[in-house]
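Just below is one structure, and these are the notes that go with it.
What follows is calculated from the coordinates using simple rules that are stated; it is not laboratory data. No experiment lies behind these values; they were computed from the predicted model shown. Methodologically, a virtual Cβ is constructed for each residue, glycine included, from the backbone with ideal geometry; neighbour enumeration extends over all protein chains shown.
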Amino acid sequence: MAVDERAGSGSGVEPALVVFDVNETLSDMSPLRRRFERVGLSSHEVEPWFAGVLRDGFALTTVGVNPAFADLASESLRIRLGAQRDGSEQDLQPAVDDVMSTFGSLPVHADVVPGIQELRSAGLRMVTLSNGSTAVAEGLLDRAGVGDAVERLMSVEDAGAWKPHPSSYAYALRECGVPAEQAMLVSVHPWDIDGAARAGLRTGWLNRSGARYPSCFTAPDVEATDLPALARLLG
């Protein structure tokens, strides 16, 4: 089911800065399904695996630890693979490396390039802020041919805490020299939208699935089914 483009009270004024989430927001993770099957896991395990990595990152952030995304993702894969087959940690490592290599070479969603082009034509500054590494974001955007449109790639590895901790968004604002009210986070994740809103940013939710936004989270300022539609809402 598709949803209509929707603008809330924050619409009508262009933000000075668009801050993109990366994993799932820009990257299309569907190739991981085939890779999971190749190493002996079910394709349906991709979503719970990724959700579990986020859960573990959030949990460690609350106790003052700032883990690397790749470390948590690899360890979670080892555990899942170990539950499916016998073997030592060394035996499992090639399969872990296989999946992580695919994660690091994913394509963008089909709407990302035209959406970024529309935002660039509108003269908006664009950056990324990811719970993953800047290297993953750089490779993703360069393969799509839009790396030059994004002025800065940022990671929570340098912020000291994973999103949605407020210090992660504060780090991005500080690095870009923009006050919170002039920045907009764009993400597919309601938890990210909520965290950014609580940090004072405007927010844009990419709702590609047509799902209902969870009422427990702060509602986005704008909502659209793809990035070009969201870009038009900012004009």
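Summary table
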{"quantity": "Leading residue at positive end of dipole, segment 83-202 (Cβ point charges), from Leu201, Val112, Ser101", "calculated": "Leu201"}
{"quantity": "Amide H contacts of Arg152 (H built 1.01 Å from N, under 5 Å, at least 5 apart or other chain)", "calculated": "Thr128"}
{"quantity": "Structure-derived Cα Rg over 2.2 N^0.38 Å - corresponding label in (i) 1.01; (ii) 0.97; (iii) 1.11", "calculated": "(i)"}
{"quantity": "Farthest toward positive dipole pole in the chain [+1 Lys/Arg, -1 Asp/Glu at C-beta], among Thr61, Ala83, Val186", "calculated": "Val186"}
{"quantity": "Residue of Thr203, Thr62, Thr218 that the Gaussian network model of the chain assigns the largest fluctuation, springs spanning Cα pairs under 10 Å", "calculated": "Thr62"}
{"quantity": "Using θ = phi - 60° and Karplus 6.51 cos²θ - 1.76 cosθ + 1.60, couplings along segment 172-188 (whole Hz; Gly, Pro as x)", "calculated": "4, 5, 5, 5, 9, x, 10, x, 4, 5, 9, 10, 10, 7, 10, 7, 8"}
{"quantity": "Dimensionless Rg/Rh of segment 31-103 - Kirkwood Rh, Rg from C-alpha atoms", "calculated": "0.98"}
{"quantity": "Of all DSSP beta bridges in the chain, antiparallel share, percent nearest 5", "calculated": "15"}
{"quantity": "Cβ charges +1 (Lys, Arg) and -1 (Asp, Glu), total dipole of segment 81-191, debye", "calculated": "420"}
{"quantity": "Note, ³J(HN,Hα) from phi for segment 200-206, Karplus 6.51, -1.76, 1.60, rounded to Hz, x at Gly and Pro", "calculated": "x, 7, 6, 9, x, 9, 8"}
{"quantity": "Computed magnitude of the charge dipole of the chain (debye, nearest 20; Cβ of K, R +1, Cβ of D, E -1)", "calculated": "300"}
{"quantity": "Separation between Cα centres of segment 90-113 and segment 13-31, rounded to whole Å", "calculated": "18"}
{"quantity": "Unit charges on C-beta of K, R, D, E only; dipole of segment 31-103, Debye", "calculated": "240"}
